Amino acid sequence: MPVRNQPLSDRFPGSLRLLVGSASELLWPTRCVGCEKPATLLCDGCRASLPWIEQRWACPTCGAPFGYLTCTECHGDWPARATVAALSHEGAAARLVTCYKDAHELRLAPVLAAAVATALDEASGWPAADGSPRFEPGDVDAVTFVPATPEAYARRGFDHMEPVATALGAFLGLPVADVLARGSASDQRLLGREERRENIRGSVRAVDDVSGMSLLLVDDVLTTGSTMGACAEALLARGARRVSCAAATRVW
Ligand SMILES: [Zn+2]
Ligand SMILES: [Zn+2]
């Protein structure tokens, strides 16, 4: 069983913790994910240049930028009620995600969650396909997240969306419902959209009853949507009343 990623400094008490914190900063100094500037995780310049998706023009169904009127990404075929993606998956935004999950920079979890919360706030002012707001804070019962594949969990040593969902839940004042489980599926990377969807559909399930719940399903990167779509279908199959999706970045 992999050990949960805990900062080295948290394992020591008091002054020793300070010392270990300084030592790890000397050995592995903090660098900006966008430009490697020292002493910051995301410098002011990279923060200002993040490629935010303008929610007004985004596809309300799959969150693709500029898909508001005609979306070539999802063609309206999507199980969730609405999807909000915060950033276009490029530049510092893409590095933010890879640095978080592959370089174990867990301090970026609240940064990713803050990006999602910001986009949700903006999206609450724009309609979903059914005419209701794309995000309705008062209507959501809990945040849930797309679980890592068993292979990714073993490789990284943590379920990478859990800390992001926890931070997002704290921002929104919502509990986190850890209800999705995922088995192995073939490697998705070489598959087309329909093949991806079929491949993953059988590998995701909701392990708890979510009858009557309105859930906000969150993931880091939304590409074809096959993974998130399968998770949304699994939640609806276990009785969820409503599923809305959110992603930190969107590939398009
Ligand atoms: Zn920078
Ligand atoms: Zn779309």
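Just so you know, all these numbers are worked out from the coordinates, no wet-lab data involved. Model, not experiment: these values are computed from the prediction. A quick note on method: Cβ atoms are made from the backbone with ideal geometry, for glycine too, and the neighbour counts reach across all protein chains shown.
Nearest 10 degrees, 0 to 90: what angle lies between the long axis of helix 14-27 and the longest principal axis of the chain (Cα atoms)? Approximately 80 degrees, to the nearest ten. In this simple spin-label model, placing a label point 7 Å from the Cα along the Cα-to-Cβ direction at both E25 and W52 gives a separation of 3.0 nm. Assuming R0 = 25 Å, what is the FRET efficiency of T72 and A103, from their Cβ-Cβ distance, to the nearest 0.05? Between T72 and A103 the formula returns 0.15. Each of S132 and S211 was given a label point 7 Å from its Cα along the Cα-to-Cβ line. The distance between the two points is 2.0 nm. With a cut-off of 8 Å between alpha carbons and a minimum separation of six or more residues, what is the relative contact order of region 141-231 in percent? So the answer I get is 39 percent.
Using only Cα atoms and rounding to the nearest 10 degrees, what angle (0 to 90) does helix 109-123 make with the longest principal axis of the chain? Helix 109-123 sits at roughly 30 degrees to that axis. The value of relative contact order for the chain, using C-alpha pairs under 8 Å at least six residues apart, is 20 percent.
In degrees, nearest 10, range 0 to 90: what is the angle between the Cα axis of helix 91-102 and the longest Cα principal axis of the chain? So the helix axis and the longest Cα principal axis differ by about 70 degrees.
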